[in-house]
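Encoded as structure tokens, the structure appears first; notes follow it.
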Amino acid sequence: METVARIPALGRRRAAEVADAELAALQKVLSALDGPDWDRPTGSAGWSVRDVVAHIAGQYEELARLGTFLRRLRAAKRRYPDRIALDGHNQVQIDELAGRSPAELTAHLARFGPKGLAATRRIPGFVRRLPSTMFFPEPPLPDRRMSYLFDVLTPRDTWMHRLELVRATGQEWHPHPHDADIVAQVVRDLDRHWRGHPFELTLTGPAGGTWTVGTGTAADRTTADAVAAMLHLSGRGGLDLPAGSPLADARVVF
């Protein structure tokens with residue numbers, strides 16, 4: 001059994017490899033979409049497949065173009081003053097890009113995905129150490145350095161949206177080796193702010209593993225499918241838990 005404390009943060013090299021692999025996996029899913037798929041609803045409330053792809057394409061564009069990121073952030077404050085900065089910002093991405101055709105959206109991502117990831121690799125250390133709260137004060141993150149957004153949340157967000165697109169359009173979920181890195185980092189974040197009794201968590205499937213969440217001797221054991229657990233921890237449902245399960249109210253930022 002592995003204790004969560006031994007799961008290290010992803011180093012810059014491995015984080016870059018995971019991000020590259022996840023972008024490639026997403027693009028395979030997009031290549032299989034047909035016309036009606038683009039208007040299907042997804043697990044992101046109120047977002048269609050087209051909206052999700054617009055959001056993702058906008059994110060990678062902003063990694064490559066700092067000015068675009070700052071402009072959309074300002075627009076979100078004016079346009080959506082009642083939303084938290086992150087939600088308003090995401091909506092501006094959709095406002096600007098979701099009206100494009102499927103071919104234009106996939107081309108936009110194909111153009112800016114690699115450029116955005118390349119740009120993150122060139123970011124100097126002092127910028128990586130800046131607090132992300134200067135842009136997104138909410139929601140609270142387990143690590144508030146910009147490096148966490150680049151190394152952990154960007155591939156995690158893309159991974160979850162890839163899963164949403166697969167589920168929304170009836171595609172088959174194809175596991176990839178880098179999925180295990182993403183799942184392990186989710187479990188790491190779960191543990192970092194765990195205040196309940198320690199428990200043994202076993203996630204099954206290709207990306208799974210067994211960990212102790214919390215400090216001390218595990219008092220309970222919980223077993224779940226890794227993909228279903230990620231959906232649950234993101235707040236998207238998908239996991240049938242027994243009464244009193246330590247995971248019942250657990251959430252991790254995606």
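Read the figures in this text as sums done on the coordinates, not as results from a lab. Remember, it's a predicted structure, so these values are computed and weren't measured experimentally. Here the Cβ positions follow ideal geometry from the backbone for every residue, glycine too, while neighbour counts run over all protein chains shown.
Residue-by-condition table, conditions (1) surrounded by fewer than 13 Cβ atoms within 10 Å (Cβ to Cβ); (2) of a type outside the set (Asp, Glu); (3) out of contact with any Asp or Glu (no Cβ under 9 Å at 6 or more places or on another chain); (4) on the phi > 0 side of the Ramachandran plot:
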{"residue": "17", "(1), (2), (3), (4)": "no, no, no, no"}
{"residue": "56", "(1), (2), (3), (4)": "no, yes, no, no"}
{"residue": "64", "(1), (2), (3), (4)": "no, yes, yes, no"}
{"residue": "72", "(1), (2), (3), (4)": "no, yes, no, no"}
{"residue": "80", "(1), (2), (3), (4)": "no, yes, no, no"}
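Counting only residues that are among the hydrophobic types (A, V, I, L, M, F, W, C) and either touching an Asp or Glu at 6+ places or on another chain (Cβ under 6 Å) or surrounded by fewer than 18 Cβ atoms within 10 Å (Cβ to Cβ) (or both), which one in the stretch 193-206 is nearest to residue 243 (Cα to Cα)?
199
I'd like the full set of residues that are buried (at least 16 other Cβ atoms within 10 Å of the Cβ) and either touching a strand residue (DSSP E or B) at 6+ places or on another chain (Cβ under 9 Å) or assigned to a loop (DSSP other than H, G, I, E, B) (or both), limited to the stretch 41-53.
Correct list: 42, 43, 44, 47, 48, 49.
Could you please let me know if residue 103 is part of a helix (DSSP H, G or I), over 23 Å from residue 20 (Cβ atoms), out of contact with any helix residue (DSSP H, G or I) (no Cβ under 8 Å at 6 or more places or on another chain) and among the small types (Gly, Ala, Ser)?
yes
Would you point out which residue out of 208, 235, 196 is of a type in the set (Gly, Ala, Ser) and in contact with a helix residue (DSSP H, G or I) (Cβ under 7 Å, 6 or more places away or on another chain)?
Only one candidate passes the filter, namely 208.
May I ask you to list the residues in the stretch 223-246 that are crowded, with 20+ Cβ neighbours inside 10 Å and either of a type in the set (Ser, Thr, Tyr) or farther than 18 Å from residue 157 by Cα (or both)?
224, 234, 246
Residue 180 versus (1) in contact with a strand residue (DSSP E or B) (Cβ under 8 Å, 6 or more places away or on another chain); (2) buried (at least 21 other Cβ atoms within 10 Å of the Cβ); (3) under 30 Å from residue 40 (Cα atoms): which is the lone unmet condition?
(2)
For the stretch 101-129, give me the residue count where each residue is free of Cβ contacts under 8 Å to residues at least 60 places away in the same chain and either surrounded by fewer than 16 Cβ atoms within 10 Å (Cβ to Cβ) or not basic (Lys, Arg) (or both).
Residues meeting the conditions: 19.
In this structure, is residue 209 surrounded by fewer than 21 Cβ atoms within 10 Å (Cβ to Cβ), out of contact with any Lys or Arg (no Cβ under 6 Å at 6 or more places or on another chain), touching a residue at least 40 places away in the same chain (Cβ under 8 Å) and of a type outside the set (S, T, N, Q)?
Yes; evaluated as a whole, the condition is true for this residue.
State the number of residues belonging to the stretch 56-89 that are under 20 Å from residue 20 (Cβ atoms) and part of a helix (DSSP H, G or I).
The qualifying residues number 9.
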